[in-house]
Amino acid sequence: MATRVIAGKTVQVNDEGFMTDPSEWTKEIAVEYAKEEGIAELTADHWKIIEFCRQSAATSGKAPTLRTITAGTGVSTKELFTLFPKGPAKKVAKISGLGKPEGCV
Amino acid sequence: MKKLVILGAGTAGTMVASRLSRILDSKDWLITMVDQDPVHYYQPGFLFMPFGVYEKKDVIKPKEEFIPANVRLVMSKIELIEPEHNLVRLADGNLLPYDFLVIATGADIHPEETPGLAEHEWGRSIHTFYSFEGAAKLADHLRTWQGGRLVVNVVENPIKCPVAPLEFLMLADWYFTQRGMRDRVELIYATPLPGAFTKPIAAKMLGEMLEEKRIRVEPEFMIERADPDAKKIISYDEREVEYDLLVSVPLNKGADVVGRSGLGDELNFSPVNKHTFLSDKFDNIFVLGDASNAPASKAGSVAHFAVDLFSENFLRHVEGKEMHALFDGHANCFVESGFGKGVLIDFNYTQEPLPGRYPVPVIGPFSLLQESRINHLGKLAFRWMYWNLLLRGHKVPLPANMSMAGKWKN
Ligand SMILES: Cc1cc2nc3c(=O)[nH]c(=O)nc-3n(C[C@H](O)[C@H](O)[C@H](O)COP(=O)(O)OP(=O)(O)OC[C@H]3O[C@@H](n4cnc5c(N)ncnc54)[C@H](O)[C@@H]3O)c2cc1C
């Protein structure tokens, strides 16, 4: 398993750069990951989604799919694409320190 | 007398009934199945219908033919499952109490969930091959189609048989070449995935095959709506893809009754333990086949391997013992690639598809992740195996869990 240093912390990552241990995550890491994904600043709307994803993963053991996020937060798919352009489910999972969402096999 | 009720007499339900009716003593067990449709569809055949390889009659048989003698099949819509009362309510008013329940109600397409799809152009310039009627209609349409831009779009994952859209495109390349009109047809694959497939090595190899066949991929395309008049599909990030003929793989969802009964997730797939298929919520409910939320491919081959292990587990579970035959997510899919060839992929929850050779006694080996004629023959032979071996609960000489034998690492 590879590791990388982000926001001054060494964390375990898989070969696509997703963190593999959600407990190593910090808010500072989220900010850095967001920058790498082209999101300059995390707003309150972003954090609401990130927090939902963290909670969802804590109970289910996996990153939520886009549908789980829209159903659980009431935020529409369209808005999610504005907040996390291109692949919102994948992007928010990465920023939230979770694995890549399963769902697609 | 213990009561086992199986909901759905499709691929998984029928295999479970065939297996358990042999293992369980009919003096102690009453097995009842419920389904609303008297016809059994060989769904993998839907892929071949649009190209005239199979006709309607090749993919249907009466369900009755496959129901074991000591199993009762009730023809009715299932209205509601009341897991707290161990009871199933049928639309015909009957009640079915159970000791153990197997949910095998599958998944179905929902084009009405995407604006613009199932409206006035549905069945005209917008088609699907993910249903029996749809595949038959598309066959009629293709027979007289003059060419243009054909776009295959997957609305959202998971879908049944995730390689079927790729197969459709590769068969289309072959079909239009045969008809001498390939240069008048543009083939495009608009998919929510970043590439041709989910797993890296297979995505690369299948991606290269698409390129060779001049099939263009529009990756990470999450459709928001179709504009049936302007003939284009529009993604959430406002990309537009124009088409002359749209072949849609609409949203796949589990049966409504699963959701209505409080046993489903957002897509009505029922949460289970992915190794045993025991419901997360109830200790006397198992969910097999496409109906569960297990992160394995929604495919008949997966259901078959899962049922192999389930039938071992079920007896132990009934006796209160721990289940020890654990499913690893094994999927074994023949990918039809056109011109009488095919590719085989074999993988599980943790091991992605690799190239190599897949050993099968007598008829094998098949080549993994490479095109070959024998893989195509394997795909066609699957229909015979399906009707004659799988549905009847016979053992097939393939291990239920995945094996690394013959796979090339690096
Ligand atoms: C185009 C296409 C190509 C495919 N290709 C392949 C392939 O090459 N290889 C492969 O392995 N798999 C393939 N599959 C997938 C395969 O067909 C399915 O995975 C398999 O049929 C799943 O079995 P199941 O028992 O879970 O569901 P099904 O076989 O769909 O059975 C579900 C049953 O439940 C019944 N039901 C549902 N709701 C109710 C209700 N409320 N009341 C009463 N009855 C109800 C239905 O009538 C149906 O009979 C393909 C599928 C499609 C659509």
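Enter the Cα centre distance for the pair the range B:366-410 and the range B:267-341, rounded to the nearest angstrom.
Measuring centre to centre over Cα atoms gives 18 Å.
When a/c is below 1.5 the answer is rounded, else prolate if a/b is larger than b/c, else oblate, so apply that to the range B:279-360 with a ≥ b ≥ c taken from the square roots of the Cα gyration tensor eigenvalues.
Prolate, since a/c reaches 1.5 and a/b exceeds b/c.
Step through the table entries A:Lys90/B:Lys63; B:Lys27/B:Lys63; A:Lys94/B:Lys232, compare each Cα-Cα distance with 30 Å, and write down the pairs that go over it.
Distance filter (> 30 Å) returns A:Lys90/B:Lys63; A:Lys94/B:Lys232.
Apply the Kirkwood formula to chain B: the hydrodynamic radius equals the inverse of the mean of 1/r over all pairs of different alpha-carbon atoms; give it in Å with one decimal.
With all distinct Cα pairs of chain B included, I get 22.0 Å.
What list of ³J(HN,Hα) values in whole Hz, one per residue of the range B:193-209 in order, does the Karplus curve 6.51 cos²θ - 1.76 cosθ + 1.60 (θ = phi - 60°) give from phi, with Gly and Pro shown as x?
For the range B:193-209, the Karplus-derived couplings read 6, x, x, 5, 8, 7, 9, x, 5, 5, 4, 5, 5, 5, x, 5, 5 Hz, x marking Gly and Pro.
If I model a spin label at B:Arg373 and B:Asn70 as a point 7 Å from the Cα along the Cα→Cβ vector, what separation in nanometres do I get?
4.6
For B:Trp408, B:Trp145, give me the order by solvent-accessible area with a 1.4 Å probe, most accessible first, ignoring ligands, DNA and RNA.
Descending accessible area places them as B:Trp408, B:Trp145.
In terms of modelled amide H atoms, which long-range or inter-chain residues lie less than 5 Å from the amide H of B:His127?
Here B:Leu246, B:Val247, B:Ser248 satisfy the definition.
Just to be sure I understand the model, the point goes 7 Å from the Cα along the line to the Cβ. What's the resulting B:Met385 to B:Asn401 distance in nm?
The two pseudo-label positions are separated by 2.1 nm.
For chain A, what is the relative contact order in percent, using Cα pairs closer than 8 Å and at least 6 residues apart in sequence?
30
By how many nm would the segment from B:Lys321 to B:Gln351 grow when fully extended, if each residue of separation counts as 0.36 nm and the alpha-carbon distance is taken off?
7.9 nm
Express the Stokes-Einstein translational diffusion coefficient of the range A:2-95 in µm² s⁻¹, to the nearest whole number, given a Kirkwood radius over alpha-carbon pairs, 10 °C and a viscosity of 1.306 mPa s.
It comes out at roughly 118 µm²/s.
Are there any GluC sites (Glu not before Pro) in the range B:32-89 that are in a DSSP loop and have at most 16 other Cβ atoms within 10 Å? List them by number.
Taking the range B:32-89 and a limit of 16 other Cβ atoms within 10 Å, the loop GluC sites (Glu not before Pro) found are B:Glu55.
Identify all aspartates and glutamates with a Cα-Cα distance to B:Lys395 below 12 Å; exclude those on the same chain that are fewer than 8 residues away in sequence.
Here the aspartates and glutamates satisfying the reach criterion relative to B:Lys395 are B:Asp308.
How would the range B:109-251 be classified by its alpha-carbon gyration tensor: rounded, prolate or oblate, with rounded meaning a/c under 1.5 and the a/b versus b/c comparison settling the rest?
Since a/c stays below 1.5, the shape of the range B:109-251 is classed as rounded.
Could you tell me how many degrees, from 0 to 90 and to the nearest 10, lie between the Cα long axis of helix B:132-144 and the main elongation axis, the longest principal axis, of the Cα atoms of chain B?
Helix B:132-144 sits roughly 20 degrees off the main axis of chain B.
Whenever you get a sec, line up B:Glu186, B:Glu220, B:Glu211 from highest to lowest accessible area (probe 1.4 Å, protein heavy atoms).
Correct descending sequence by accessible area is B:Glu211, B:Glu186, B:Glu220.
Which of A:Lys35/A:Lys100; B:Lys199/B:Lys274; A:Lys100/B:Lys231; B:Lys56/B:Lys379; B:Lys199/B:Lys407; B:Lys56/B:Lys341 have a Cα-Cα distance over 25 Å?
Where the Cα-Cα span goes over 25 Å, the pairs concerned are A:Lys100/B:Lys231.
Return the sequence-ordered ³J(HN,Hα) values of the range B:365-378 in whole Hz as given by the Karplus equation 6.51 cos²θ - 1.76 cosθ + 1.60 applied to θ = phi - 60°, using x for Gly and Pro.
Values, residue by residue: x, 9, 8, 8, 6, 9, 6, 7, 5, 5, 5, 5, 5, x Hz.
Would you give the gap between the C-alpha center of the range B:174-250 and the C-alpha center of the range A:23-62, rounded to a whole Å?
If you average the Cα positions of each part, the centres end up 32 Å apart.
Report relative contact order for the range B:274-410 in percent, whole number only (criteria: Cα-Cα under 8 Å, sequence separation at least 6).
Reported relative contact order: 21 percent.
Where does helix B:164-178 land angle-wise versus the long Cα axis of chain B, in degrees 0 to 90, nearest 10?
40
Pull up all non-local amide H partners of B:Lys407: gap of 5 or more, or a different chain, and H-to-H distance under 5 Å with H placed in the peptide plane.
Under 5 Å from the amide H of B:Lys407 lie the amide H atoms of B:Arg357, each far enough along the sequence or on another chain.
Relative to the longest principal Cα axis of chain B, at what angle does helix B:11-23 sit, 0 to 90 degrees, rounded to 10?
30
Grab the DSSP H runs of chain A that are 4 residues or longer, score each as -39,500 (n - 2.57), total them, divide by all residues and round the 222 nm result to the nearest 500 deg cm²/dmol.
Result for chain A: -14000 deg cm²/dmol, rounded to the nearest 500.
Classify the range B:272-410 from the C-alpha gyration tensor, please: rounded if a/c falls under 1.5, else prolate or oblate depending on whether a/b exceeds b/c.
prolate
Explain nothing, just compute: Karplus ³J(HN,Hα) = 6.51 cos²θ - 1.76 cosθ + 1.60, θ = phi - 60°, for every residue of the range A:11-22 in order, whole Hz, x for Gly and Pro.
10, 8, 9, 8, 6, 9, x, 7, 5, 9, 10, x
Modelled label-to-label distance, B:Asp99 and B:Glu218, 7 Å Cα→beta-carbon offset: nm?
About 5.6 nm, to one decimal.
Could you work out the helix-only [θ] at 222 nm for chain B, with each DSSP H run of four or more residues adding -39,500 (n - 2.57) and the total divided by the number of residues, to the nearest 500 deg cm²/dmol?
Using -39500 (n - 2.57) per qualifying helix, the result is -7000 deg cm²/dmol.
The values are calculated or read from the model by the stated rules, or taken from the named source; none is laboratory data. Nothing here was measured: the structure is a model prediction, and the numbers come from that model. All Cβ positions, even for glycine, are placed from backbone atoms using ideal geometry, and neighbour counts span all protein chains on display. Just the protein is used for accessible areas: all its heavy atoms, side chains included, with ligands, DNA and RNA removed. Shrake-Rupley method; radii C 1.70, N 1.55, O 1.52, S 1.80 Å.
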